[in-house]
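Coordinate-derived values only; no laboratory data. What you see is a predicted model; the values in this text were computed from it and never measured. No Cβ is skipped: glycine too gets one built from the backbone with ideal geometry, and neighbour counts run over all protein chains shown.
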There are 2 protein chains.
Amino acid sequence: MSGLHPFDAAIALQPLREGEAQGHTSPAYANFIGPYGGITAAQAVRAVLRDPRLLGETIALTVNYAAALADGPFIARTRPARTNRSTQHWIVELMQGEDTVVTATVMTAARRETWSGHEAGMPDVPRPADVPRTPRQGVAWLNRYDMRFLTGFVPRKWEGQGDAESLTRLWLRDEPLRPLDFAALTAMADTFFPRIWLRRAKQTPVGTVTMTVYFHADGAQLAATGTQYLLAQARGQGFRNGYFDHAGQLWNEQGDLLATTHQVVYFKE
Amino acid sequence: MSGLHPFDAAIALQPLREGEAQGHTSPAYANFIGPYGGITAAQAVRAVLRDPRLLGETIALTVNYAAALADGPFIARTRPARTNRSTQHWIVELMQGEDTVVTATVMTAARRETWSGHEAGMPDVPRPADVPRTPRQGVAWLNRYDMRFLTGFVPRKWEGQGDAESLTRLWLRDEPLRPLDFAALTAMADTFFPRIWLRRAKQTPVGTVTMTVYFHADGAQLAATGTQYLLAQARGQGFRNGYFDHAGQLWNEQGDLLATTHQVVYFKE
């Protein structure tokens, strides 16, 4: 698969039988321990999108990180629990051996054209070409994105004196460039480093336990967005006794709202 | 069950065997067609909370409304797909006959005390005693809540001239009074009428397809909240080609953030 984009290589699945395909964690998207959660979510979405029983396009995804994925192969199990005339509800599990490591539900649908009008407007920010690329070092997956932070970058000093709020805004796109699709947008929805780090300026241990993505764009709009930068924004909401959540949005350069996303993150402090 | 609170009667489940219990839709929580989605979500949560294999308390729930529930009995299937030392990931299905009508994932955990600090603050609003109860007529479930709208009530005239934004804030509590718990909070998270009605001032057909609730409160905090009013707030984000989402928050009277919630709603216009 040497000719493939690293993202396409990472989400490749080998069909085994109806409702089962084999994937493999990707060193190109490695995180501190195990894979980047965004690539795991993209693999779960890809498992549904490649299932021959698929109806429509992705509307909503919830992915639950039940356990750390070990580097190596996994089996993606997909089941259309309910198929209606224009909607479909999927249950997905990623398995390593006998163990469930990820659960997910995916809702797909054939859309019809209706009145449309977004309410979550893109904030007024400088264009990506006017923002320097933010150097980020460390784990492999950071190198898979061109990130240009506008506000709310990782604390430069870990002094335990955080900010009163945890708003982050950045432009980002795949590195190397790759046209946008549902799997790539899914992966980008998990790009936000933990909000607790902004609030506390301590590198406390963390792990996302569940992420939801709502897709406002259809496949044609994603294709038209192509290799544009996306503006990604997230802000924490509640932080209490080991868990916090954030709410986020992703727009393309024209300001079209492509997706909204939320997640809960475990933290230890 | 005549002595029970209507909510407790509605979420009652009869154990059948490991991972299976029988419930019944409740006329007291009927909606236009079939049951109020909030009571269905509460039944899914209740199915997990009553399972003897339960570890910890509810942290996150995603419930997918795969099909309209017919009035009558259903089977709740609960499976702990993964149990770790302090967390557990559940897959839930509500079945009518051979058909899946609801899918859900529930994440539960034993919490530990950590630094806590909410970021989504309660807006400055009048106290519930200073706000008149809002008369609401129609379907049965509306009578199960005392609602006091502060802003963003259902349009008084359906003239196709909606508002530019779809913000709703209201105080609400169970009617008759009932101490708050995870199931009741789950049901209250679905209390918001469709945001598209505010935006369009047209009673377009709608149906929630998926709802996520993140629980920031633990059981002790819910018990301490008791029969207080909750301030519930929701605002639409994206409306496009048949589907829109909203993001919401629920606080108790002291301003503690108890839950955040999001959902996607189908609409036809």
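Counting pairwise Cα distances across region A:81-148, what percent come out greater than 18 angstrom?
72 percent
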Once phi for every residue in region A:27-33 is put through the Karplus expression 6.51 cos²θ - 1.76 cosθ + 1.60 (θ = phi - 60°), the whole-Hz ³J(HN,Hα) values, with Gly and Pro written as x, are x, 5, 10, 5, 10, 3, 10
Going by average Cβ density within 10 Å per residue, which order do the peptides A:145-154, B:230-239 take, highest to lowest? B:230-239, A:145-154
When you look at the Cβ of every residue in B:101-112, what mean number of other chain Cβ atoms sits within 10 Å? 5
Just the projected area, averaged over all directions, of the convex hull on the alpha carbon atoms of region B:115-269: how many nm²? 9.5 nm²
Share antiparallel - DSSP beta bridges, chain B, percent rounded to 5: 100 percent
Linear extension gain, A:ALA9 paired with A:LEU55, 0.36 nm per residue minus alpha-carbon span: 14.1 nm
5 Å is the cut-off here: which amide hydrogens, built 1.01 Å from N in the peptide plane, fall below it relative to B:GLU119, excluding neighbours closer than 5 in sequence? A:GLY238, A:PHE239
Going by amide H atoms built from the backbone, whose H comes under 5 Å of the H on A:HIS216, apart from near neighbours? A:ALA259, A:THR260
Dipole magnitude of region B:148-202, debye to nearest 20 (Cβ charges: Lys/Arg +1, Asp/Glu -1, about Cα centre): 240 debye
For the protein assembly as shown, just list the percent of Cα-Cα distances falling in each 20 Å bin from zero outward, please. 23, 60, 17, 0
Once Lys and Arg are counted +1 and Asp and Glu -1 for all other residues with Cβ under 11 Å from that of B:PHE7, the total becomes -1
Counting only residues 5 or more apart in sequence or on a different chain, those whose built amide H sits under 5 Å from that of A:VAL102 are A:ALA66, A:LEU94
Given points 7 Å out from each Cα along the Cα-Cβ axis, report the B:ARG17 to A:PHE153 separation in nanometres with one decimal. 6.0 nm
What number results when the radius of gyration of region A:1-143, computed over Cα atoms, is divided by 2.2 N^0.38 Å? 1.21
Segment A:ASP163-A:LYS268, extension gain: residue separation times 0.36 nm, minus the distance between their alpha carbons: 36.0 nm
Ordered shortest first, which distances in nm separate the 7 Å Cα→C-beta label point of A:GLU159 from those of the other copies? 5.8
Rounded to whole Å and ordered largest first, report the semi-axes of the equivalent ellipsoid of chain B derived from its Cα gyration tensor (root of 5λ). 28, 23, 18
Mind sorting B:TRP171, B:TRP197 by how few other Cβ atoms lie within 10 Å of their own Cβ, fewest first? B:TRP197, B:TRP171
Size descriptor, Kirkwood hydrodynamic radius, that averages inverse alpha-carbon separations across region B:62-187, Å: 18.9 Å
Here the residues of region A:78-95 lying in the modelled label zone of B:GLU98, meaning backbone nitrogen under 16 Å from a point 7 Å along Cα-to-Cβ, are A:80-84
So, over other residues within a Cβ distance under 9 Å of B:SER166, counting Lys, Arg +1 and Asp, Glu -1, the net charge is 0
Determine ³J(HN,Hα), in whole Hz, for all residues of region B:145-158 in sequence, where each value follows from phi through the Karplus function 6.51 cos²θ - 1.76 cosθ + 1.60 and θ = phi - 60°; x replaces Gly and Pro. 9, 8, 10, 10, 6, 9, 7, x, 6, 3, x, 7, 10, 8
Rounded, prolate or oblate: pick one for region A:50-122, where a ≥ b ≥ c are the square roots of the eigenvalues of its C-alpha gyration tensor, a/c under 1.5 means rounded, and failing that, prolate if a/b is larger than b/c, else oblate. oblate
Output field shielding_mean for A:55-68 (other chain Cβ, 10 Å radius) holds 5
Lysine pairs in the protein assembly as shown with Cα distance under 21 Å, only those 8 or more apart or on different chains: how many are there? 6
Given charges at beta-carbon only (K, R positive; D, E negative), |dipole| of region A:124-269 in Debye: 620 debye
A:ASN84 versus B:PHE32, label points 7 Å from Cα toward the beta carbon: distance in nm? 1.3 nm
Cβ under 13 Å from A:ARG82's Cβ, A:ARG82 left aside: what net charge do those residues give with Lys, Arg +1 and Asp, Glu -1? 0
Which distances, in nm and shortest first, link the A:LEU177 label point to the same label point in every other copy, taking 7 Å along Cα→Cβ? 6.5
Could you derive backbone 3J(HN,Hα) for region B:248-256 from the dihedral phi with the Karplus parameters 6.51, -1.76 and 1.60 (θ = phi - 60°), listing whole Hz in sequence and x where the residue is Gly or Pro? x, 9, 10, 10, 8, 5, 7, x, 6
Could you size up the charge dipole of the protein assembly as shown around its Cα centre, putting +1 on the beta carbon of Lys and Arg and -1 on that of Asp and Glu, and report it in debye to the nearest 20? 240 debye
